[in-house]
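The values are calculated or read from the model by the stated rules, or taken from the named source; none is laboratory data. Since the structure is predicted, the reported quantities are computational estimates derived from the model, not experimental observations. Cβ placement follows ideal geometry from the backbone for every residue including glycine, while neighbour counts extend to all protein chains displayed.
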Amino acid sequence: MGRCAQRRGPGLVTREQIAVEVKGLGIDAGDTVMLHASVGAMGWIVGGPDRVLEAMRMVLGETGTLLMYAGWDGSPYDVTLGMPELPEALKAAWPPYDPATSRAVREWGVLPEYLRTWRGARRSVHPDSSFVAIGPSAEALVADHPLQYGMGTGSPLAKLCEAGGKVLLLGSPLANVTLLHYAEHLADVPEKEIVRYWAPIVHDGAKAWVQIEEFSTEGCLPWYGATDLFEAIVQDYLQEGQGVVGHVGAAQSHLFDAADLVEFAVAWIEERLGDAEPQDAEVTTRRGEPGDHRELMALLGAYEEETRGTAPSASRLSSRVDEFLESRDRAAFVAEAGGRIVGMLVASRLPSDRGEINLAYIEPGYRRRGLLRELDADASEYLIGAGCHLVELRVDAENDAARAAWLGLGYAPTMEFMERPL
């Protein structure tokens, strides 16, 4: 009888183990550290998630300071974004941001809220981009947080760099390094996206609505790369031998010098985007045709290379493209720019009244320009005509960029596939 290969899954992790392993990465007593953590990636924390913060305090000691990005779970950012004026009913109904009581954003994990309620914690006054800290430098880090361009000069991020601080990721994705928003502010490049929204604060004891202007935190720069911009920057930083990589519990973890990472990121952004010019070629979408076969093979090969790390044989690619173009229950849609195909989406009709997006791929240079939305609209029209009332798709759990893109088109999770090592 054959035997399964043994792999160790996430197990029990104690506060003392976390402290030892964090110290092993290079955190010392007296440091100022900004923390990003995925508690679940570390394992089963004995005693609960707050033991992670206790471990950090054990290592940092009485002279060290811990900082986290908290935000506000009740922020009206998405509701008021781009509004020149606010309806009176909305202004009356929305409660003001209170640094002492307003909850941290839940989607960013449990630890920011734990730290917010920690005895002696200090929180900045920014109603959307607040930071929370504990330790002797906490007040200095979060004080006088500018309302306008709150990730730039004078922000807790800028002060972290000035204090010689560090950034620690415990199982958190590289794309989550909030510090790089500060680098976006500093980089001298064109086409930064500016957004404006409204938020309620307490001023002189009364609620007051303020309009806030800042560089977008969801696409400030014209980046069309295959991976998230922040992830690409940090990966290149690591490739140059900077930073420390290790494990805390079961989680792959990283430690960076804040000021050095920002300096690297600014140079990286200016080198690649300093002369960025908008791609003005008109983009159109249509249904795929037999004459598109060769170009669709190339796009499918690029898709497989990006998602799986290797491309199938030419014969296999050709057969799949034939299926896309010739099947009675499937259709391919393409996006064209400058006389060539730069994107594709394949949709199929399932036996019930459901449709499925089988795959979607857009060349890196044409991403974040609305092509996916146009292709999805074409596919929706096809599926409605085929009698479908619902469309579904699958997204890799680690593909944050794809997940965000589909959520932005109105898709929502309905079930979750789970797996574990054996």
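Numerical summary
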quantity: PHE264 vs. criteria aromatic (Phe, Trp, Tyr), in contact (Cβ under 8 Å) with a residue 24 or more places away in the chain and in contact with a Gly (Cβ under 8 Å, 6 or more places away or on another chain); calculated: no
quantity: Enumeration of residues in segment 213-222 that are touching a Lys or Arg at 6+ places or on another chain (Cβ under 7 Å) and buried (at least 22 other Cβ atoms within 10 Å of the Cβ); calculated: CYS220
quantity: Residue within segment 99-117 that is over 21 Å from SER38 (Cβ atoms) and hydroxyl-bearing (Ser, Thr, Tyr) present; calculated: yes
quantity: Qualifying residue in segment 223-244 (condition: at pLDDT 95 or above, assigned to a strand (DSSP E or B) and surrounded by 15 or more Cβ atoms within 10 Å (Cβ to Cβ)); calculated: yes
quantity: Residue list for segment 33-68, restricted to those being in a helix (DSSP H, G or I) and β-branched (Val, Ile, Thr); calculated: VAL39, VAL52, VAL59
quantity: Every pair of residues 6+ apart whose Cβ atoms lie under 8 Å, when the first sits in segment 104-117 and is touching a residue at least 40 places away in the same chain (Cβ under 8 Å) while the second is in a loop (DSSP other than H, G, I, E, B) and surrounded by fewer than 19 Cβ atoms within 10 Å (Cβ to Cβ); calculated: GLY109/SER38; VAL110/PRO49; LEU111/PRO49; PRO112/VAL105; GLU113/ARG103; TYR114/PRO49; ARG116/ARG103
quantity: Selection within segment 208-222 - over 22 Å from ALA158 (Cα atoms) and part of a strand (DSSP E or B); calculated: ALA208, TRP209, VAL210, GLN211
quantity: ALA92 being hydrophobic (A, V, I, L, M, F, W, C), in a helix (DSSP H, G or I), under 14 Å from PRO76 (Cβ atoms) and in the same structural domain as THR178 (by TED's automatic domain parsing); calculated: yes
quantity: Sole residue being over 17 Å from GLY288 (Cα atoms) and either among the polar types (S, T, N, Q) or touching a residue at least 24 places away in the same chain (Cβ under 8 Å) (or both), chosen from SER352, SER348; calculated: SER352
quantity: Residue in segment 399-418 that is in contact with a helix residue (DSSP H, G or I) (Cβ under 7 Å, 6 or more places away or on another chain), without any contact (Cβ under 8 Å) to a residue 12 or more places away in the chain, buried (at least 16 other Cβ atoms within 10 Å of the Cβ) and outside the structural domain of GLY40 (by TED's automatic domain parsing) present; calculated: no
quantity: Only one of ALA143, ALA100 that is farther than 26 Å from LEU169 by Cβ, free of Cβ contacts under 8 Å to residues at least 24 places away in the same chain and more than 22 Å from the chain's Cα centre (by Cα); calculated: ALA100
quantity: Top-ranked residue in segment 337-377 [being acidic (Asp, Glu) and over 26 Å from GLU218 (Cα atoms); ranked as nearest to the chain's Cα centre (by Cα)]; calculated: GLU356
quantity: Hits in segment 313-352 (condition: touching a Gly at 6+ places or on another chain (Cβ under 6 Å) and among the charged types (D, E, K, R)); calculated: ARG349
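Per-residue answers, yes or no, for (1) touching an Asp or Glu at 6+ places or on another chain (Cβ under 9 Å); (2) polar (S, T, N, Q); (3) more than 23 Å from GLY30 (Cα to Cα):
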{"position": "GLY135", "(1), (2), (3)": "yes, no, no"}
{"position": "PRO146", "(1), (2), (3)": "no, no, yes"}
{"position": "TYR149", "(1), (2), (3)": "yes, no, yes"}
{"position": "LEU157", "(1), (2), (3)": "no, no, no"}
{"position": "GLU162", "(1), (2), (3)": "no, no, no"}
{"position": "GLY165", "(1), (2), (3)": "yes, no, no"}
{"position": "PRO173", "(1), (2), (3)": "yes, no, yes"}
{"position": "VAL177", "(1), (2), (3)": "yes, no, no"}
{"position": "LEU180", "(1), (2), (3)": "no, no, yes"}
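Every residue, every condition in (1) among the β-branched types (Val, Ile, Thr); (2) out of contact with any Phe, Trp or Tyr (no Cβ under 8 Å at 6 or more places or on another chain); (3) farther than 30 Å from GLU139 by Cα, yes or no:
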| site | (1), (2), (3) |
| --- | --- |
| GLY82 | no, no, yes |
| GLU85 | no, yes, yes |
| LEU90 | no, yes, yes |
| PRO95 | no, yes, no |
| ALA100 | no, yes, no |
| ALA104 | no, no, no |
| GLU107 | no, yes, no |
| TRP118 | no, yes, no |
| ALA121 | no, yes, no |
